[in-house]
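The values are calculated or read from the model by the stated rules, or taken from the named source; none is laboratory data. Just so you know, these numbers come straight off a predicted model, no measurement behind them. Cβ sites come from the backbone with ideal geometry, for glycine too, and all protein chains shown count toward neighbours. Each accessible area value is taken on the protein alone, full model and side chains, heavy atoms only, with ligands, DNA and RNA left out. Shrake-Rupley method; radii C 1.70, N 1.55, O 1.52, S 1.80 Å.
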Number of protein chains: 2
Amino acid sequence: FIRNNGIPPEDMSPETWRLTIDGFVENPLTLSIADLRNRFEVITRRICLECGGNGRAFFDPKAKGNQWTVGAVGCAEWTGVRLVDVLKAAGVKKEAIYTAHYGTDTHLSGKPGKLPISRGVPIRKAMDPNNMIAFAMNGEAIHPMNGAPLRLHIPGWPGSFSHKWFNRLQLRDVVHDGPKMTGAAYRLPPHPVAPGTKVDPKEMVLIESMIVKSLITSPQTGLRLPKGEREVLVRGHAWAGDNVVTRVDLTIDFGATWIQAKLDPPPNPYAWQRFSQTVRLPQKGYYEIWARATDDQGRMQPFAIAWNPKGYMNNSMHRISVYAS
Amino acid sequence: FIRNNGIPPEDMSPETWRLTIDGFVENPLTLSIADLRNRFEVITRRICLECGGNGRAFFDPKAKGNQWTVGAVGCAEWTGVRLVDVLKAAGVKKEAIYTAHYGTDTHLSGKPGKLPISRGVPIRKAMDPNNMIAFAMNGEAIHPMNGAPLRLHIPGWPGSFSHKWFNRLQLRDVVHDGPKMTGAAYRLPPHPVAPGTKVDPKEMVLIESMIVKSLITSPQTGLRLPKGEREVLVRGHAWAGDNVVTRVDLTIDFGATWIQAKLDPPPNPYAWQRFSQTVRLPQKGYYEIWARATDDQGRMQPFAIAWNPKGYMNNSMHRISVYAS
């Protein structure tokens, strides 16, 4: 999926690209992509990346913003270097408590110097060895719309932390206050609220880890099975922010009974996990197949949305329909 | 609750009331209420009685009929004699495969001789010792709107089998074909159908046993707790047609996690069962409390409605809201 906050830059040449690491560091760095490749261990990982507003279309009352249904999530294979290795090379000072991420995209208003987005994470999350500064996607140069030539990855947290066209990381001694770090952006009420409630953005809290979720990718909803055919191979993906999915269950009777699916472990941390199960439909007719993932903290996907003003974090179950003739 | 299909009779005098048992029996009987009291063992039982269309208001697309929300169910204490004892006294012939029930209510059209409703059950169900011919309700004469002076009870099946103003039971050698036994009344499609599907009534099948369900009776939805109060005592009832409820679980997070409730056994077969549990709300805010019952066949209440054309058998979970300040 593609989600941009500003106008993508015109210049994405990898040869002249420079990444600056500055702020509360002992040795500010300015690194070319060749420097990253040469000075640090290069790793390849599958990383699940999801927009915090994935599923927003299903909120009632509606929440403003991109009306994503289920597709604002993906799991590409990324190649790059560990953010933590680069931070160690820069020497993080003990005053540093937060990062600030910058890319070269520009504000939709066209005003020079105005940033479209600059997010950051607490130092504890920044030092996670699973964070990556990536220069390749699925074995090729990063696509221009996915942040060529250099992209940050803060896996498990909303995709907006994973800056595209990434050219600077600053270490700060305060919670970062860049665009989309303040106001209501990527924030939830501090406690559950009734649908439609207005909440003061000053009370709202930043979203950190995403939560357990699954998606049926096959069959497509509305499938009509050939006459007499009663078996459906259901396949999909499940993921759980900073956690691991420990089981996926399917139901064909609106949640009255459940069938445990086969679940693969993640090929590496922060990749989504595949599930599959052949489901037998007892007779002809209309069925819904729902998938429900559970994480290693024992948390399951809910059946309904806990409403919030900006329509974030909808991890309610994915439902598809199948007709048996 | 009260649900009538015709016009209640004007004469409900217990003194002159006669019940006829006829059709495929060795000894047709005509019994006064005094005869019932004197000739058969008198029993008192709590009996859960539910309309097959309870919950119809929540179908989408809408189903025609009474737009019941959750209230078309009750569990009064009834006193009377066992239907099976009376049938044995009449001597059921081996050709008898079905009952036909009649009351003295009259058709809404006012046409003399036209019956508003006459339902019946297979002989196997008719011989269940839990069926009752009742002449008292909650220790008093039956209320006129509940079928005074005599009422049949076929517990566990839709309330329409439990004829009010009951004055005749005929044993038949065919499946009974009285009003509301044919057409689409009290029938479901033979297989699951997509919402809005038209189904030929000739294909549809009669509803027999009702299914597992629960109802939160306290607190009322919308309760606002006093400031700082975080505990809510949740109470309610659960029932399961011909089966027994073995557990009730509550959720305050839309089904992500569950809390098992204390569940009482039924005081007698076919009574609903009480559940209760003190739920602790983790912080202030808006919560929904949902209850989910599971029966001794391992079947749970679903989270959504399996749609059917007449809007029967909605046993999806009951949801209430509570605000903690």
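Between the amide H of residue B:136 and those of B:79, distances stay under 5 Å, these residues lying 5 or more places away or on another chain, with hydrogens modeled in the peptide plane.
Set against the 2.2 N^0.38 Å expectation for a compact globular protein, the protein assembly as shown has a Cα radius of gyration ratio of 1.25.
Placing unit charges on the Cβ atoms only, positive for Lys and Arg and negative for Asp and Glu, gives the protein assembly as shown a dipole magnitude near 600 debye about its Cα centre. Inter-chain neighbour count for B:253-263: the average number of beta-carbon atoms from partner chains within 10 Å of each residue's beta-carbon is 4. For a test of the definition: using alpha carbon positions, the gyration tensor, and the 1.5 limit on a/c, classify segment A:87-220 as rounded, prolate or oblate. It comes out rounded by the Cα gyration axes. Taking chain B as a Gaussian network of alpha-carbon nodes connected by springs under 10 Å, the highest mean-square fluctuation of the residues B:231, B:288, B:208 belongs to B:231.
Take residue A:108, move 7 Å from Cα toward the beta carbon, and the resulting point lies 5.5 nm from the same point in each other copy, nearest first.
Arrange the residues B:85, A:295, A:200 by how much accessible surface each exposes, largest first, with a 1.4 angstrom probe.
Numbers: B:85 45, A:295 5, A:200 65 Å².
Ranking B:85, A:295, A:200 by accessible area, largest first, yields A:200, B:85, A:295.
In a shell of Cβ-Cβ distance under 12 Å around residue A:26, excluding residue A:26 itself, what net charge do Lys and Arg (+1) and Asp and Glu (-1) give? Cβ neighbours under 12 Å give a net charge of +1.
With only alpha-carbon pairs counted, each pair once and no self-pairs, how large is the Kirkwood hydrodynamic radius of chain B in angstroms?
Values: mean 1/r = 0.0475 Å⁻¹.
For chain B, inverting the mean 1/r across all distinct Cα pairs yields 21.0 Å.
Give the carbon-plus-sulfur fraction of the accessible surface of the protein assembly as shown in %, rounded to a whole number; probe 1.4 Å, heavy atoms of protein chains only. Display every interim value, and only then the final one.
Working: 14220 of 28030 Å².
So the carbon and sulfur contribution to the accessible surface is 51 percent.
A point 7 Å from Cα along Cα→Cβ stands in for residue A:138, and the other copies hold the same point at 6.8 nm, listed in rising order. DSSP finds beta bridges in chain A, and of those with both partners inside it, around 90 percent are antiparallel. Copy-to-copy label distances for residue B:2, where each label lies 7 Å from Cα along Cα-to-Cβ, are 6.6 nm in order of increasing length. Among residues of chain B, the one whose Cβ lies closest to the rotation axis carrying chain B onto chain A, together with that distance rounded to whole Å, is B:303, 2. Each label was represented as a point 7 Å from its Cα along the Cα-to-Cβ direction; for residue B:283 and residue A:258 these points are 2.6 nm apart.
The phi torsions of segment B:285-302, fed into the Karplus equation with coefficients 6.51, -1.76 and 1.60 and a -60° offset, translate into couplings of x, 9, 10, 10, 10, 10, 10, 9, 9, 10, 9, 6, 9, x, 8, 10, 5, x Hz, rounded to whole numbers, with Gly and Pro shown as x.
Is the shape of segment A:145-225 rounded, prolate or oblate, going by the alpha carbon gyration tensor and its root eigenvalues a ≥ b ≥ c, with a/c under 1.5 for rounded and a/b larger than b/c for prolate? Oblate, because a/c is 1.5 or more while a/b does not exceed b/c. Specify the residue with the greatest mean-square fluctuation among A:297, A:283, A:273, computed from a Gaussian network of chain A linking alpha-carbon atoms under 10 Å apart. Evaluated over chain A, the most mobile residue of the options is A:283. Counting only other chain Cβ atoms within 10 Å of each residue's Cβ, the peptide A:188-195 averages 5. Solvent-free Debye calculation, one equal scatterer per alpha-carbon of segment A:1-82: log10 I(q)/I(0) at 0.16, 0.18, 0.25 Å⁻¹ equals -0.89, -0.99, -1.18.
Place a +1 charge on the Cβ of each Lys and Arg in segment A:18-182 and a -1 charge on the Cβ of each Asp and Glu, then give the dipole magnitude about the Cα centre in debye, rounded to the nearest 20.
The dipole magnitude comes to about 260 debye.
Segment B:92-114 and segment A:134-211 have their alpha-carbon centroids 70 Å apart.
Based on alpha carbons, the Rg and Dmax found for segment A:213-324 are 14.5, 46 Å. Checked against a 25 Å cut-off, the cross-linked pairs B:94/B:310; A:93/A:202; B:114/B:213; A:93/A:310; B:64/B:114 give Cα-Cα distances beyond that limit for B:94/B:310; A:93/A:202; B:114/B:213; A:93/A:310.
The distance linking segment B:36-51 with segment A:233-284 is 49 Å (Cα centroid to Cα centroid, whole angstrom). State the three equivalent ellipsoid semi-axes of segment A:18-182, derived from the C-alpha gyration tensor as the square roots of 5 times its eigenvalues, in descending order and whole Å. So the three semi-axes of segment A:18-182 are 26, 19, 15 Å.
Largest first and in whole Å, the equivalent-ellipsoid semi-axes of segment A:177-221 read 28, 15, 10, each the square root of five times a Cα gyration tensor eigenvalue.
Pairs from the table (B:262/B:284; A:198/B:284; B:125/B:164; B:125/B:180) lying more than 20 angstrom apart at Cα are B:262/B:284. A simple packing score, the average count of other Cβ atoms within 10 Å per residue, orders the peptides B:302-312, A:249-259 as B:302-312, A:249-259, with the highest score first.
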